[in-house]
1. Residue by residue through the range 1-40, note down the ones that are in a strand (DSSP E or B), modelled with pLDDT of 85 or more and charged (D, E, K, R).
2. State which residue is surrounded by the most Cβ atoms within 10 Å (Cβ to Cβ) when the search covers only the range 41-65 and only residues that are small (G, A, S) and either part of a loop (DSSP other than H, G, I, E, B) or at pLDDT below 85 (or both).
3. Working only within the range 10-20, note down all residues that are touching a residue at least 60 places away in the same chain (Cβ under 8 Å) and in contact with a Leu (Cβ under 9 Å, 6 or more places away or on another chain).
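The values are calculated or read from the model by the stated rules, or taken from the named source; none is laboratory data. Please read all numbers here as calculations on a predicted model, not as lab measurements. Cβ atoms come from the backbone with ideal geometry, glycine included; neighbour counts cover every protein chain shown.
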Amino acid sequence: MSWSERMATGFTLSTLFSLVFVIMDHQWIKVETEVQIYYSGLWKVCLKLVCPDLVASAPNVNGAKTLLIMALFCGFVGASFMSITYRYSTTSATYRYLVPAVGSFIAAALVFLGLSIYTIRISTHGISRTSAASYQWPFYLAWTTCPFFILSGFLGLVAHQHMLMHGAVLSDKESRESVTSSIWSSSTSSSLFWEEGEKDMQIPRA
């Protein structure tokens with residue numbers, strides 16, 4: 001496995017697991033009011049270690065959730081295809097890094113759209129004007145997955161190109177070896193033919 005293949009595999013898996021982690025986290029924003037302090041994520045609101053589900057989410061927040069889940073799906077499809085072709089399928093090995101690269105680019109676009117919708121919702125919501133709302137580290141980590149998905153996509157394209165070049169070199173080498181072996185076998189057979197002809201032309205002595 002070349003350096004590009006190792007980098008593409010590492011970035012794809014690490015970015016995917018990071019996105020899973022931040023989506024499941026419940027401390028995207030911290031809201032401080034005069035009465036209490038609570039944290040909120042995509043799915044729950046946490047107040048004093050009690051995290052009930054969000055009962056009525058805004059439509060744009062639900063849209064952000066949907067886009068992020070779709071990004072996870074694209075990432076999982078690419079990672080699963082890469083893992084399956086590693087272990088079981090040799091016929092699809094040519095596309096081992098191309099499919100994850102395309103999935104990473106699509107996931108990056110979906111993450112960007114989803115987080116943009118969520119950020120606009122929080123910044124324009126009344127809670128940001130009536131209380132002190134601040135973004136926490138899971139929110140920023142979610143944003144970092146977008147450029148990392150793009151980087152893993154480019155690394156996947158580099159690994160795919162490397163596999164194509166490596167396969168072309170191997171095919172040329174095999175063709176040269178087959179031509180050499182055929183020439184060697186033909187020359188060997190012709191030499192045996194001439195030796196047998198010379199033996200037949202010899203006159204036995206009395």
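1. K30, the sole residue that qualifies.
2. That would be G41.
3. The answer is F11, T12, T15, L16, S18, L19.
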